[in-house]
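So the structure is just underneath, and the comments pick up after that.
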Amino acid sequence: MRRLWLGLVVLLPLLLVGCASDSTADLVSYVDEIKSRYPGVVEPLPEFIPYEPFVYVVADRRDPFQSFIRQRTTDIGDDGEGLRPDFDRAREPLEEFHLDGIRLLGSMQRAGEQWAVVRDPAGDVHRVREGNYLGRNHGRIVRVEQRRIDLIEIVSDGRGQWVERPMHLVVPE
């Protein structure tokens, strides 16, 4: 039994050495092929503009926390006075859509009165004029021009007041 183990220990390394080959010619040829290819050009790094800090001087600028649009506000209070939407009036069909979904198509004049033609998000076409309402924020049309509608929205500012916000729709280019 001892001779058998000794024979296996001697024969096993000989068998493993016999299976190994020293043929690395394919690897050498592949490396030579890669080295012979055109190396290509590396683009130069872009030039970075250094950051220049901005110093805010309060004396000659407006307060950044106040709106640059002059807004009229009043308390929402229960006294019935002041600026607030008329919740008792019948809502018009275009008030169910957000203003950014309504597209101005153009305008026309009929019987001396300027009308605008708009398309709602559902694809329906409507004719509106000064005094009609658009959008979900109680937007009343105050002027209809050839390529533009001006309106005033009444929105809550979240602090117990109503605010008039001027908006407009224009014919897209």
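The values are calculated or read from the model by the stated rules, or taken from the named source; none is laboratory data. Just so it is clear, the structure is predicted and the values come from calculations on it, not from any experiment. As a convention, Cβ positions derive from the backbone with ideal geometry for all residues, glycine included, and neighbour counts pool all protein chains shown. Please note that ligands, DNA and RNA were not included when accessible areas were found on the heavy atoms of the full protein model with its side chains. Shrake-Rupley method; radii C 1.70, N 1.55, O 1.52, S 1.80 Å.
H98 exposes around 110 Å² of accessible area when a 1.4 Å probe is run over every protein chain in place.
For the set D32, D120, D157, the ranking by accessible area, highest first and with no ligand, DNA or RNA atoms included, is D32, D157, D120 under a 1.4 Å probe. Accessible area per residue was computed with a 1.4 Å probe on protein heavy atoms; D26 scores about 110 Å². Nonpolar atom fraction for segment 89-132, defined as the carbon and sulfur part of the 1.4 Å probe accessible area, stands at 45 percent. The calculated FRET efficiency for L83 paired with Y56, based on their beta-carbon distance and R0 = 35 Å, is about 0.60. With all protein chains in place and ligands, DNA and RNA left out, the 1.4 Å accessible area ranks E113, E130, E47 as E47, E130, E113, largest first. Answer with one residue from Q109, N137, G123: the one whose Cα lies farthest towards the positive end of the charge dipole of segment 96-147, charges on Cβ with Lys, Arg +1 and Asp, Glu -1. It is Q109.
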